[in-house]
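Here's the structure, in structure tokens; my notes come after.
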Amino acid sequence: MTTAVDVTFRSGTGPHAAECRGTFLPAAGAGGTGAGGPGASGTGTGRPAVVLAHGLGGTVDSGLLPFAEAFAAAGYAALAFDYRGFGRSEGSPRQVVSPARQQEDYRAAIAAAAAQPGVDPRRIILWGCSLAGGHVLEVARGRDDIAAVITMIPLVDGRAAAAAAARQHKPTSLLRATGTAIAAKALAAAGREEPRLPLVGPPGSDALLSLDGYEEAYTSVAGPSWRNEVGASIGTELGSFRPGRHAEDLADVPVLFQIADLDRSAPPHAAATAAVAARAEVRHYPGDHFDLFDGRPCHESAVEHAVHFLRRRVG
């Protein structure tokens, strides 16, 4: 196993600028710069690097490291990072999800990964799960340094997710959540602190993720830096979060979609539609949203398929 290194990089501009922190794992057997490895393509000055980010409210120590460690063991460098305001990263307000800021953080993380010793800066691989599974589709567009994209249990269409939520929750719960989100957005716009909601909780609670089994599944991978709360205003932004609309822009980039066919949070049909537009490879798993994480039924298959994809398409 390679030795993990703490990495710090700056993201954002103006009052929202802050230091992000991540964990970098050098590729096993890389031997420093210049170790391209058998069959490697690109500049020949280093190994490809996988940049990993979590979904809604997630942190590096909440399920990302097992994936990063698997990539590093397979010969790919890996950088897993926390968004501003989450986990070990700095920035305020804390625990507030902004898709635009998170994508900005992802771009800064790409630059940080490319600058690490032993990394080929022209062969960056993007990996994201859930909300970040949508982020990677957006961040990869228009870049020539992205060698591949892996999007796992991706949220690619906020409207489809809202429709699924409407079928799974009582109308009164949805109305209450909508009102809370609108009020939180108004407070934030006025420069005031917005209320926080639990990220996961039991069925019937005010948590954003309250389907049966989700609390147990999420907390089973949660690490010490994870906090079970997010700003309530995210409810006003998810409806317009639709990175799948531009998936055809990635038709020339190797993309792997890993879809949980029983996913109750990120609709699998929306992910499949985006995968077709991107001309992507697709792997299906007989599980729900969290079942591809470490310790869950589909984890080993998900890791095996991701590594196999990279060996074939990146080198």
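The values are calculated or read from the model by the stated rules, or taken from the named source; none is laboratory data. Owing to the predicted nature of the structure, the values given are computational and were not obtained by experimental measurement. Here Cβ is always computed from backbone atoms with ideal geometry, including for glycine, and neighbour counts include all displayed protein chains. For accessibility, only protein heavy atoms count, side chains too; no ligands or nucleic acids. Shrake-Rupley method; radii C 1.70, N 1.55, O 1.52, S 1.80 Å.
Can you tell me which of Gly142, Gly91, Gly134, Gly118 is under 16 Å from the mean Cα position of the chain (by Cα) and touching a residue at least 60 places away in the same chain (Cβ under 8 Å)?
Within the list Gly142, Gly91, Gly134, Gly118, the selection yields Gly134.
I need a count of the residues in the range 154-168 that are under 10 Å from Ser265 (Cα atoms) and part of a loop (DSSP other than H, G, I, E, B).
Number satisfying all stated conditions: 2.
From Asp261, Asp249, which residue is touching a residue at least 24 places away in the same chain (Cβ under 8 Å), under 27 Å from Ile124 (Cα atoms) and charged (D, E, K, R)?
Only one candidate qualifies: Asp249.
Conditions (1) acidic (Asp, Glu); (2) under 19 Å from Ala132 (Cβ atoms); (3) touching a Pro at 6+ places or on another chain (Cβ under 8 Å), marked per residue:
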position: Asp206; (1), (2), (3): yes, no, yes
position: Ser225; (1), (2), (3): no, yes, no
position: His269; (1), (2), (3): no, no, no
position: Asp291; (1), (2), (3): yes, yes, yes
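Kindly indicate which of Ala147, Ala181, Ala207 is at pLDDT below 70 and either open to solvent by less than 20 Å² (accessible area, probe 1.4 Å) or farther than 26 Å from Pro93 by Cα (or both).
After applying the criteria, what remains is Ala181.
In the range 260-284, which residues are closer than 20 Å to Leu250 by Cα, among the charged types (D, E, K, R) and assigned to a loop (DSSP other than H, G, I, E, B)?
Arg279, the sole residue that qualifies.
Taking the criterion of being under 25 Å from Ala275 (Cα atoms), part of a loop (DSSP other than H, G, I, E, B) and touching a Leu at 6+ places or on another chain (Cβ under 6 Å), would at least one residue in the range 123-134 satisfy it?
Yes: the range 123-134 contains one or more residues that are under 25 Å from Ala275 (Cα atoms), part of a loop (DSSP other than H, G, I, E, B) and touching a Leu at 6+ places or on another chain (Cβ under 6 Å).
Have a look at Gly223, Gly287, Gly295, Gly315 and point out the one that is assigned to a loop (DSSP other than H, G, I, E, B), open to solvent by less than 10 Å² (accessible area, probe 1.4 Å) and small (Gly, Ala, Ser). Explain how you work it out, then say what you get.
On the way: Gly223 fails: open to solvent by less than 10 Å² (accessible area, probe 1.4 Å); Gly295 fails: open to solvent by less than 10 Å² (accessible area, probe 1.4 Å); Gly315 fails: open to solvent by less than 10 Å² (accessible area, probe 1.4 Å).
Step by step, each of Gly223, Gly287, Gly295, Gly315 is checked, and only Gly287 is assigned to a loop (DSSP other than H, G, I, E, B), open to solvent by less than 10 Å² (accessible area, probe 1.4 Å) and small (Gly, Ala, Ser).
Only one of these is crowded, with 19+ Cβ neighbours inside 10 Å, out of contact with any Pro (no Cβ under 6 Å at 6 or more places or on another chain) and part of a helix (DSSP H, G or I): Ala80, Ala70. Name it.
Every option except Ala70 fails the conditions.
Please name all residue pairs, on different chains or six or more residues apart, with Cβ atoms under 9 Å, provided the first residue is in the range 207-219 and is farther than 21 Å from Val60 by Cα and the second residue is among the polar types (S, T, N, Q) and crowded, with 21+ Cβ neighbours inside 10 Å.
Listed by first residue and then by second, the contacts come to Leu211/Ser265.
All but one of (1) closer than 28 Å to Leu209 by Cα; (2) open to solvent by 10 Å² or more (accessible area, probe 1.4 Å); (3) in contact with an Asp or Glu (Cβ under 7 Å, 6 or more places away or on another chain) hold for Arg107; which doesn't?
(3)
Out of Leu256, Leu238, I need the residue that is surrounded by 16 or more Cβ atoms within 10 Å (Cβ to Cβ), within 18 Å of the chain's Cα centre (by Cα) and either more than 25 Å from Ser205 (Cα to Cα) or of a type in the set (Phe, Trp, Tyr) (or both). Which one?
Values: Leu238 fails: either more than 25 Å from Ser205 (Cα to Cα) or of a type in the set (Phe, Trp, Tyr) (or both).
The conditions single out Leu256.
For the list (1) open to solvent by 30 Å² or more (accessible area, probe 1.4 Å); (2) in contact with a helix residue (DSSP H, G or I) (Cβ under 8 Å, 6 or more places away or on another chain); (3) in a loop (DSSP other than H, G, I, E, B); (4) charged (D, E, K, R), I need the number of the one condition that Glu248 fails.
Condition (3) is where Glu248 drops out.
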